[in-house]
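This report refers to the structure that appears directly beneath it.
The values are calculated or read from the model by the stated rules, or taken from the named source; none is laboratory data. All values reported here derive from a predicted model rather than from experimental measurement. Reconstructed Cβ throughout: ideal geometry from the backbone, glycine too, with neighbour counts over all protein chains shown. Just so you know, the surface numbers come from the protein's heavy atoms only, side chains and all, with ligands and any DNA or RNA stripped out. Shrake-Rupley method; radii C 1.70, N 1.55, O 1.52, S 1.80 Å.
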Amino acid sequence: MPPLSARRMGTCYLEMRVVLTALETLIDIGRRQSAPEKLPDGSTALSSSKKFGISDFFTRNLFSRKPKEPKPPSQNAPGWRLFGKVPLRENTTKDPKDSFTIQQEYQVKVGPAPGPQVQLSAARRKNLEFEPLSTTALILEDRPPNLPAKSVEEAMRHKQEYDEMVAGARRRELKEAQKKKRQMKERFKQEDSIANAMVIWNNDILPNWDCMRNTRRVRELWWQGLPPSVRGRVWSLAIGNELNITPELFEIFLSRAKERWKSFSETSSENEMEADSGSLQTDRESSLDLIKLDISRTFPSLFIFQKGGPYHDLLHSVLGAYTCYRPDVGYVQGMSFIAAVLILNLEEAEAFIAFANLLNKPCQMAFFRVDHDLMLKYFAAFEVFFEENLPRLFNHFQINNLTPDLYLIDWIFTLYSKSLPLDVACRVWDVFCRDGEECLFRTGLGILRLYQEVLLQMDFIHMAQFLTRLPDDMAADNLFSCITATQMLSSNRKWGQVFSALMKDGSKEIANHSPAPRS
C-alpha cells in the first residue's frame with residue numbers, strides 16, 4: 001500500500017475531528033436530558049457541561065441512565081387485597097401522567113362518560129369508624145390504572161352496596177357486643193351471688209347443720225344451688241352414713257378389688273370368653289372387668305376419667321371397692337356417672353362412703369337391683385303426676401304408646417348426670433339431696449314441660465330419640481322454672497302418699513298405669 005500524502009493525512013484528521021465533535025455533542029445532549037434539575041442534596045446541577053475526551057468516549061455509555069431510587073410508600077393510594085383489612089398501596093416512581101395513559105386512550109376511543117366523573121378517593125375511607133373485614137372493602141376501591149374507570153352509575157351503585165355492607169356489619173357487631181355485655185353482667189351477678197352464699201353456708205349453716213338444715217331460709221338458699229366450694233360437704237351431710245362405712249373399710253375392699261383385678265389380668269383370654277353372662281350374674285364380684293369398659297364412656301367430653309386421665313384411677317378404685325362391698329348388687333351400667341360426679345366434689349374415701357349410702361336408698365336400690373315390681377310402682381306414680389300436670393302431652397304419649405320405662409330408666413340410673421349438662425345435673429343433685437327421690441321424678445316432669453311443644457310435634461321414634469339424648473344447650477334457669485311450675489299434688493295427695501297407695505293396691509294400680517319395663 002503506497003504511503004499517504006500530507007494532504008490526504010490532513011483531510012482524514014479533519015474528518016475524524018468532525019466525527020468526534022458530533023459524538024461529544026450527542027453525549028452532552030443526552031446527559032443534559034437525563035440529569036435532574038436538582039441534586040439529591042438540594043443543590044442545582046451545573047449549567048456548564050463537562051467536555052469529554054476520546055478516552056471518555058470509550059469508557060462511558062453513550063447515554064447516561066438515571067439510577068433507580070427506592071420506592072417510597074404512598075400514604076394516599078388505596079391497596080388491593082382480597083382478604084383482611086385493606087392496607088395502603090405502595091406508590092410507583094412513574095410520572096402520574098403516565099399512569100393514566102391507557103385510561104386516557106380508552107376515553108379518546110369511546111368518548112368521555114356522560115356527567116361528571118365520580119372520583120372515589122381513599123380519603124373518605126380514612127375517616128370511617130368501622131373498617132369491614134374480608135372482601136367487603138373491595139367494592140369501594142378504584143379500579144387499577146390499567147382498567148377502564150367506573151361509570152357514574154356503577155360507582156354510585158357500588159357505593160350504596162358498600163354502605164349497606166358496612167351498616168349490616170356494624171349492626172351485627174353491635175348486637176354481638178350487647179350479647180357479650182349481657183353475658184358478662186349475668187356472670188358477674190352469679191359470681192357475686194355464689195360468693196355471698198358461700199359465706200352464709202360456711203359461717204352460719206354448716207356449723208349449725210342439724211338445727212338449720214330444715215329451716216325455710218336454708219331450703220330456699222338450697223334451691224338456688226349450692227356454691228361449688230361447699231357442695232361436696234353438703235351432699236355428704238345430706239346423704240348421711242347409715243351404713244357406718246369408715247375410710248379403713250374402704251381400704252379393705254379396695255385391696256380386695258385390686259387382688260381381683262390382678263387375678264383377672266392373669267387369666268387367659270380364652271377363659272374369659274368361655275364365661276357366660278349367667279355366671280357373671282351369679283358372682284357379681286366378677287363384674288370388675290366390666291368397669292374398665294364403662295369408665296371409658298363416662299363423661300367422654302371431659303377427658304379426665306378415661307385411661308391416662310387424672311381421675312381414671314380414682315373412679316376405678318371407688319367402683320371396684322363398691323363391687324366387692326356389695327357383691328349382691330355388683331356393678332351396673334350407669335354407676336360410673338354417679339361415682340364420677342361424687343369424685344369431682346369429694347375425696348376418694350368420702351366419695352365411696354357417699355356412693356354406697358346413696359345407692360342404698362330405696363329408689364336407687366330398686367333400679368340397680370332391677371326389681372321389676374318396685375320399678376313398676378315408681379312408673380305408675382310418675383304417670384299419675386304426669387297426667388295431672390301435662391294432660392296434653394300425656395295423651396300424646398298414650399296415643400303413641402311411649403311408656404316411662406323408655407326414658408326414665410336412663411335418667412334414674414345416672415341421676416340425670418348423663419342426660420343433662422354437668423352444671424345442670426349438679427343443681428339437680430343439690431335439690432335431690434334436699435328433697436329425696438321425689439325430686440328425680442319432678443325433674444323428669446320439668447324436662448317434659450320444658451320441651452312439651454317440641455314433643456307434641458313428634459312421633460314415637462323421634463320422641464324416644466329426643467328424650468334419650470336431650471339438647472346440650474339446656475339452661476339451668478329454664479329447667480328449674482319448669483320444675484317450679486310442676487306441682488307434685490294429685491287429689492291433694494303428695495308424692496309419698498300416692499306411692500304408698502300404689503304399694504298397697506299393688507298390681508291393680510300397676511296394670512292401669514304402666515306396662516312392664518322393656519329390656
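For SER301, what accessible surface area do you get with a 1.4 Å probe? Give it in Å², rounded to 10.
Approximately 90 Å² for this residue.
Rounded to the nearest whole Å², what accessible area per residue is found for region 295-394 with the 1.4 Å probe?
Heavy-atom accessible area per residue stands at 36 Å².
How large, in percent, is the carbon and sulfur part of the accessible surface of region 386-474 at a probe radius of 1.4 Å?
C and S atoms contribute 48 percent here.
Return the long-range amide H neighbours of ARG493 (sequence gap of 5 or more, or a different chain), with a cut-off of under 5 Å between placed amide H atoms.
For ARG493, whose amide H was placed from the backbone, there are no distant partners under 5 Å.
What pairs in LYS307/LYS361; LYS258/LYS292; LYS361/LYS494; LYS258/LYS307 have C-alpha atoms more than 21 Å from each other?
LYS307/LYS361
Please compute the net charge surrounding LEU346, taking Lys and Arg as +1 and Asp and Glu as -1 over other residues with Cβ under 11 Å from its Cβ.
Computed value for this residue: -1.
Hey, rough spin-label estimate for SER481 and LYS181, points 7 angstrom out along Cα→Cβ, what's it come to in nanometres?
2.3
Order ARG171, ARG256 by their accessible area, 1.4 angstrom probe, all chains in place, largest first.
Reading off the accessible areas and sorting them downward yields ARG171, ARG256.
For a protection proxy built on the mean count of beta-carbon atoms within 10 angstrom, sort 387-399, 334-346 highest first, please.
334-346, 387-399
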